[in-house]
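The values are calculated or read from the model by the stated rules, or taken from the named source; none is laboratory data. Just so you know, these numbers come straight off a predicted model, no measurement behind them. Positions of Cβ are backbone-derived with ideal geometry, glycine not excepted, and every protein chain shown enters the neighbour counts.
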Amino acid sequence: MSYEYLDQQDLKKENLIQDEKFIEDAALFLEEREGYEFDYSNEQKVKEDIYDAYMEHFRVQNVNEVTATRDLFYAQTANDEAKARMSRLMNTFDSMDGELGWTAAGDYLEGVFTAPSTYAGMFSFGAAKAGSLAAQQGVKLGIREVLKRGATESLKKQGLKATAGNIAKKQLKQELVKGS
């Protein structure tokens with residue numbers, strides 16, 4: 001069963017790094033969106049590296065408006081396959097129980113300290129950061145809408161192709177019957 005259908009309690013590192021579809025989706029997303037270059041010479045290590053980079057990316061996206069905005073731009077310009085991939089990855093991250101620890105804390109702190117609103121918030125007694133967090137949630141909602149529209153368009157195209165194929169088959173059968 002593909003990672004996108006796992007129950008919340010099964011969305012854990014040990015399960016995800018064994019899921020080939022997850023590893024493929026995360027690696028492609030990170031390579032396209034972030035420019036990552038993974039070393040595939042050690043299969044187990046690369047799976048863990050991909051998982052760790054995936055978690056870091058989406059943790060930072062949660063607290064850094066620049067990352068969220070860049071993800072929105074990526075979603076707007078991505079092809080249908082990349083949109084579906086990003087949607088699966090975002091949904092998986094959002095469904096996971098947060099893994100707390102030093103790595104997660106470091107990722108969140110990195111996101112906060114690299115966010116421009118952090119420094120603006122210092123001079124506005126936190127008002128700028130509060131506004132930024134609200135805007136960031138709006139950006140994430142925008143990403144989801146773009147991804148949803150992309151999935152809908154992809155399904156429409158698939159439906160049209162299937163319908164056209166069925167019509168062609170029907171016409172071919174009619175021609176064959178007429179020719180008999």
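One table, with the values for the structure above:
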quantity	calculated
Of all residues making up the stretch 1-36, the number that are in contact with a helix residue (DSSP H, G or I) (Cβ under 7 Å, 6 or more places away or on another chain), farther than 13 Å from residue 85 by Cβ and of a type in the set (Asp, Glu)	2
Only one of 3, 54 that is touching an Asp or Glu at 6+ places or on another chain (Cβ under 6 Å), touching a residue at least 24 places away in the same chain (Cβ under 8 Å) and closer than 20 Å to residue 78 by Cβ	3
All positions within the stretch 12-52 that are exposed (fewer than 11 other Cβ atoms within 10 Å of the Cβ), closer than 29 Å to residue 69 by Cβ and more than 17 Å from the chain's Cα centre (by Cα)	37
Check on residue 33, under 23 Å from residue 148 (Cβ atoms), free of Cβ contacts under 8 Å to residues at least 40 places away in the same chain and basic (Lys, Arg)	no
Among (1) within 11 Å of the chain's Cα centre (by Cα); (2) at pLDDT below 95; (3) within 24 Å of residue 8 (Cα to Cα), the one test that residue 89 misses	(2)
Matching residues, the stretch 58-84, being aliphatic (A, V, I, L, M), surrounded by fewer than 20 Cβ atoms within 10 Å (Cβ to Cβ) and free of Cβ contacts under 8 Å to residues at least 60 places away in the same chain	66, 82
Test: residue 9 is closer than 20 Å to residue 94 by Cβ, surrounded by fewer than 14 Cβ atoms within 10 Å (Cβ to Cβ) and not hydrophobic (A, V, I, L, M, F, W, C)	yes
